RNA sequence: GGGCUAGUAGCUCAGCUGGCUAGAGCACACGACUGAUAAUCGUGAGGUCGGAGGUUCGAGUCCUCCCUGGCCCA
């Protein structure tokens, strides 16, 4: 007779291999069909809400691994908060305006663009952005991200554009908006402003000149030795044409400077550079008169070499010893660093150059001259006044226009700014930063110092694809009209027509009736043609989305983005919200690191170490990508490599197989009728449930603290260590051989059922697809989707610390027994552990007491046929974990039972079943 | 160059306020089983805790410098 048929072996159609790339899309379809997101919305009504406000990715190009990381992290947070009993809507968003899209469309249109109006080009941009929104939307959905994909927010929606214009109006109302000057890249040939992305660097030959600026102030005490001398500061520049715009000389606050006497001149420059400079100037006969720090010269003055004005001596960290003299010619209207340091010292942002690259008419000596011709003229002038020490040529990297390939210049132009000081915006922002929870905590420090040190926010761009800055200019006097009332009126027009109306209508059609110039009272205007910085667009999403939608609540509970957003979205959102509402738009901000390759290097196409999400999905399934996100500590850089994915794939199979094995053994179990009460459970089953509660506790905490890698390790260890290698292994004999329906079997099934039910809920936020599949295979009445279920409740009644402590000791004994069995295996005494009889000896004390207490369970725990306590085992193996233990392994006594495979002396005693043991014949009776 | 941040076994992570021979799981090697079988079980080998100094009775843990990454600026 084949006794195999009398056993209760596992039965399940839950496949061992997930075949995830094929299975996942089916589950996605299932969710779609059941309207899972809508059901979560309904189920959530009345619960406390948790609002994670989505930072909008840019609507251009396919999603990359960084997007996947970000969205999956968000999804894990969202799903776990939902299961914890919150109402958690998720509105994905996209950033749609801006230069990259405008440039792509530009390229696509080619020459056609010349015959198109701005409004028509904007329409092209709009549809281009929409195409990518749709593509990215599908890619995000494939990741298993649950959200309101049918109603996302787009920064180019009419309502969003109106909200953007309204927020700008609020800044105007409060006096935070002003017009000022700032240097930008400018192509005089194309007569246009250029963004950083439109500038190409190429080698260019420029003049290299050294110029004297005669010192004209009172000498500080530190330089008293120079009294009565003809002292000059020496600057070096490659742009002589900016000398007419010179307003200052910048020294490094940390460096030491020297005064060098050569002939009748005393030249001042940095100590670390004077030797090489003197060599370049071909002056051999000189001596150092004095050396001094730079600080005493701060706010003293030199004379401009040929204009009747001063040049202020200032200090700045950007001055280095890499080139020049350590005294930097500063023209705040022509350089970024000059501009920043100029602002600090209150210098005028002076720009004497017009749109066509010519000096303005009022510029003395050079009025109307093209600056490309000016270098020689300026040098001639300086030679004439005796200021030019040396002129030569230098080849260096210089910015060029990407379109016409000509060198570009840096020149100050009129721009719109948001003041950091008006209404104490900076101060209030810093306070709000302190009131916000930053995860990890160092994020606070990082953004704090950025806000503390940043200049005013330049919000204007000389571009087309964006929300217009809704200001007007008086046709008569040029005064700007940018008051709250007018701007709100325009915002209302945007609400109905979108911001395209700005380009379709004339100023007179846009303005409210009776608008008049605040300066001269004139009534006709032109429109501002600059658009808003896209960071302003996304920065107002709290107003355009979180405040607007009925189901959201501002401030949001959480913003979650990469750590680059300390300068980006977290920053612009903070300023936009504090500037108009005095509060931060978020209560907490979580940041993650960047995805790097297996060696910790950043990904780049040229290096060829890019991992594309779609390829991981194709090979392993999204589930592995999701597990990757959970397993890595996202606060640091996040590594990805084939090895890492392979390891995760292995870990996934372990978890999956544990679930599958339990499902197989739950065959025929109905929790409605078969559940065994806590008090009647077999002890080891109670132990397993106690371990489960530890896991629940641990995992819930890791969701609370956003520490998902803790969860990953906890779950994996639970499946491997507690379940697979111990509990489930020990359980086999009972499950297979006990009579179906017996308390012994039902007790084990009860424990396994509760374990798998809880485990499935615990992993659902991460392994969303697999959890759903297990959920469908679990017996009993349950929600339609695991994502509509709640977290397992943490049942402290199941915790039993004493029981766990006893088992911890038993496991130590078991470990020593395993080592002894392994030795017996090596000598071919046994193969399977059931071939063995184990004798254990312990000296009187706690170990002996424990073993005597568990005398009848030892064979089961060790998975051997017989285990007995013995004495006088002097020749036996000593334990490793417990050195006082002695263990002897012998061949098991009796015959092998054909049914349960245990050896027993009772085999043969039943005449009806001569091949089986006593307990098996009982089970069959 | 500056600000922030990190560097513990092949991989992913523990290691709290300094204190027993630095832990876990996986991978790997070897073995067992063939009633979780493209599974499962057991055993084993793996680390000058990025490097160099220093403080201390004692440092992976504290200090200084350096090296190598990452993000953001310049």
The simple spin-label model distance between residue A:19 and residue A:206, using points 7 Å out along Cα→Cβ, in nm, is 6.6 nm
Summing -39500 (n - 2.57) over every DSSP H run of at least 4 residues in chain A and dividing by its residue count gives a helix-only mean residue ellipticity at 222 nm, to the nearest 500 deg cm²/dmol, of -12000 deg cm²/dmol
Looks like segment A:579-690, by Cα gyration tensor root eigenvalues a ≥ b ≥ c and the a/c under 1.5 rounded cutoff (else prolate when a/b is bigger than b/c, oblate otherwise), is oblate
Listed with the fewest Cβ neighbours within 10 Å leading, A:6, A:470, A:237 appear as A:6, A:237, A:470
As a percent rounded to 5, the proportion of antiparallel DSSP bridges among beta bridges in chain A is 70 percent
Descending packing, highest mean Cβ count within 10 Å first, for A:388-396, A:613-621 is A:613-621, A:388-396
Most packed first (mean Cβ within 10 Å per residue), the peptides A:42-51, A:883-892 order as A:883-892, A:42-51
Here segment A:222-307 gives, from Cα atoms, an Rg and Dmax in Å of 13.0, 35
Assertion target for A:212, A:476, ordered by fewest C-beta neighbours within 10 angstrom first, is A:476, A:212
The percentage of Cα-Cα pairs in segment A:1-126 separated by more than 24 Å is 59 percent
Here, segment A:132-184 modelled as identical Cα point scatterers in vacuum has Debye log10 I(q)/I(0) at q = 0.19 Å⁻¹ of -0.77
Rounded to the nearest 10 degrees, the helix A:801-826 long axis (Cα) sits at an angle to the longest Cα principal axis of chain A of 80 degrees
Rounded to one decimal in nm, the spacing of the 7 Å Cα→Cβ label points at residue A:62 and residue A:516 is 6.2 nm
Expressed to two decimals, chain A has a Cα Rg over Rh, using the Kirkwood radius, of 1.14
Long-range share for segment A:798-925, i.e. C-alpha pairs more than 18 Å apart as a percent of all pairs, stands at 56 percent
Of all DSSP beta bridges with both partners in segment A:779-918, the antiparallel percent, nearest 5, is 70 percent
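Cut-off is 10 Å between beta-carbons; in what order do A:452, A:377, A:513 appear when sorted fewest neighbours first? Please list the in-between numbers first.
Numbers: A:452 13, A:377 17, A:513 5.
If I rank by nearby Cβ atoms, fewest first, I get A:513, A:452, A:377.
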Honestly segment A:346-418 on the Cα gyration tensor test (a ≥ b ≥ c root eigenvalues; a/c under 1.5 rounded, otherwise a/b vs b/c for prolate or oblate) is just oblate
Over the Cα atoms of segment A:19-80 the radius of gyration and the largest Cα-Cα distance (Dmax), both in Å, equal 14.5, 39
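Output the peptides A:496-502, A:151-157 sorted from most to least packed, where packing is the average of other Cβ atoms within 10 Å over each peptide's residues. Please list the in-between numbers first.
Working: A:496-502: 19.0, A:151-157: 20.6.
Highest mean packing first, the order is A:151-157, A:496-502.
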Under 19 Å by backbone N from the virtual spin label 7 Å along Cα-to-Cβ at residue A:609, the residues of segment A:641-681 are A:641-647
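Readers should treat all values here as calculations from the given coordinates under stated rules, not as data from a laboratory. Here the structure is a predicted model, which is why all the values come from computation and not from measurement. So basically every Cβ, Gly included, is an ideal-geometry build from the backbone, and we count neighbours across all protein chains shown.
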